[in-house]
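Below is one structure, written out as C-alpha cells; comments come after it.
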Amino acid sequence: MNAGFELMMTGCTDTGRIREHNEDAIAWDAPSGLAILADGMGGHSAGDVASQMAVDGLMRLIAGKCAADGTISDCIPILREAVRQTNADILGHAQKDPRCAQMGTTVVLTLFRGRRMLTMHAGDSRVYRLRDTQFVALTQDHSLVRQLVEQGAMTETEARNSPYTSVITRALGCHATVEPELQEFAVAPGDVYALCSDGLYTLITEDDIRTILLEARGDWEVAARQLVQRANEGGGRDNISVIIVSVVDNS
C-alpha cells in the first residue's frame, strides 16, 4: 500500500457452539490491500461450499487483476466483473451438483488503495470502522428487516428482536444477477476496520466490539480471538467470523 500507509491484517473464524460445521469463509492479502468475508446460507445445501467459492473466486479475480499501484476508480470495474463471474460460478456449481442446490452466500470485502478504500457487500455481513474513539458501521444490511426499518414499518428495537433477521435480500449464488453495493471512503492513519459475520455482531454489542478493539493496543490477533470468544460466551448460536484491518502510518 502506498501513501505512507501499511496494512496489518488478521482474522479468526469459529463454528460456534450450536452449528455442526462452519459455513463462514475468510481470506486476506495485505500486499493487495484486500480482505474478504463470506457467510454461506443453507446448511443442508452446502452453504460452506458457496462461501469458500466466493472467497477463493473473488481473491483470485481481484488480487490478480487489480494493480497494487492502481486507483480506486481502476478497481471498480474489476470488482464488479469479479462478482459477476463468482456469482455465475456458484450458480453453475449448484446446478451441476444436487447436493448444492439452493446454496448461496453473503459477502463483504474491503479494498485499499493509497488514502482511499472501497467496501463492497451483498447481504448482512458488515464492515465497521474505529477512528480514534468513534465506532461506526460503514455498511447497511441487505435484509428484510432493514428494508422494513427504512420504510418506517419497524423500529430498530423491533428489528433486533425480529424472527426475520436472517431473511437476506441480496447474496451470491441465489439469482442469475446480483448487484453488490460499493462505497468509497477516505482512509486515515490509525483507522481500524472490522469485517464481521452476523454470528459475531448479533451476539455481542457494538459497544463491546469497540471496547475490545480499543483495548487491543495493536495486538489484533488477540482482539480477533477475544471477539470470537465473547460471541461464543453470548451463546455461539451461529458461525462467528471477523477480519481486522489496521492502517499504520509508516512514513
**Complete:** Those residues of the stretch 71-115 that are under 20 Å from Glu23 (Cβ atoms) and either at pLDDT 95 or above or among the aliphatic types (A, V, I, L, M) (or both) come to a total of 14
**Request:** Inspect all residues belonging to the stretch 44-52 and state whether any of them is part of a helix (DSSP H, G or I), over 23 Å from Gly199 (Cβ atoms) and touching a residue at least 12 places away in the same chain (Cβ under 8 Å).
**Result:** no
**Asked** If Gln147 satisfies every condition in (1) at pLDDT 95 or above; (2) of a type outside the set (D, E, K, R); (3) not in a loop (DSSP other than H, G, I, E, B) but one, which is the exception?
**Response** (1)
**Positions within the stretch 225-251 being farther than 20 Å from Arg19 by Cα and of a type in the set (Gly, Ala, Ser), in sequence order** = Ser246, Ser251
**Request:** Identify all residues within the stretch 3-24 that are small (Gly, Ala, Ser) and over 18 Å from Thr119 (Cβ atoms); write none if there are none.
**Result:** Ala3, Gly4, Gly16
**Request:** Output the number of residues of the stretch 184-207 satisfying the condition of being in contact with a strand residue (DSSP E or B) (Cβ under 9 Å, 6 or more places away or on another chain), under 19 Å from Gln134 (Cα atoms) and not in a helix (DSSP H, G or I).
**Result:** 13
**Request:** Could you please tell me which pairs satisfy a Cβ distance under 6 Å, a separation of 6+ or placement on different chains, a first residue in the stretch 108-135 that is without any contact (Cβ under 8 Å) to a residue 60 or more places away in the chain and in a strand (DSSP E or B), and a second residue that is crowded, with 18+ Cβ neighbours inside 10 Å and not aliphatic (A, V, I, L, M)?
**Result:** Ala122/Arg170; Ala122/Pro180
**Request:** Mind listing whichever residues of the stretch 208-231 are surrounded by fewer than 18 Cβ atoms within 10 Å (Cβ to Cβ), in contact (Cβ under 8 Å) with a residue 12 or more places away in the chain and farther than 16 Å from Leu130 by Cβ?
**Result:** Glu221, Arg225
**Request:** Just name the residue that is nearest to Glu6 (Cα to Cα) out of those in the stretch 232-251 that are aliphatic (A, V, I, L, M) and surrounded by 18 or more Cβ atoms within 10 Å (Cβ to Cβ).
**Result:** Val247
**Asked** How many residues are in contact with a strand residue (DSSP E or B) (Cβ under 7 Å, 6 or more places away or on another chain) and surrounded by fewer than 14 Cβ atoms within 10 Å (Cβ to Cβ) when one looks only at the stretch 71-93?
**Response** 1
**Request:** Could you look through the stretch 208-251, keep only residues that are small (Gly, Ala, Ser) and part of a loop (DSSP other than H, G, I, E, B), and pick out the one that is farthest from the chain's Cα centre (by Cα)?
**Result:** Ser251
**Request:** Scan the stretch 59-83 and report the pairs whose first residue is among the basic types (Lys, Arg) and whose second residue is surrounded by fewer than 20 Cβ atoms within 10 Å (Cβ to Cβ), with Cβ atoms within less than 7 Å and a gap of 6+ or a chain change.
**Result:** Lys65/Ile78
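The values are calculated or read from the model by the stated rules, or taken from the named source; none is laboratory data. Computed from a predicted structure; not experimentally measured. All Cβ positions, even for glycine, are placed from backbone atoms using ideal geometry, and neighbour counts span all protein chains on display.
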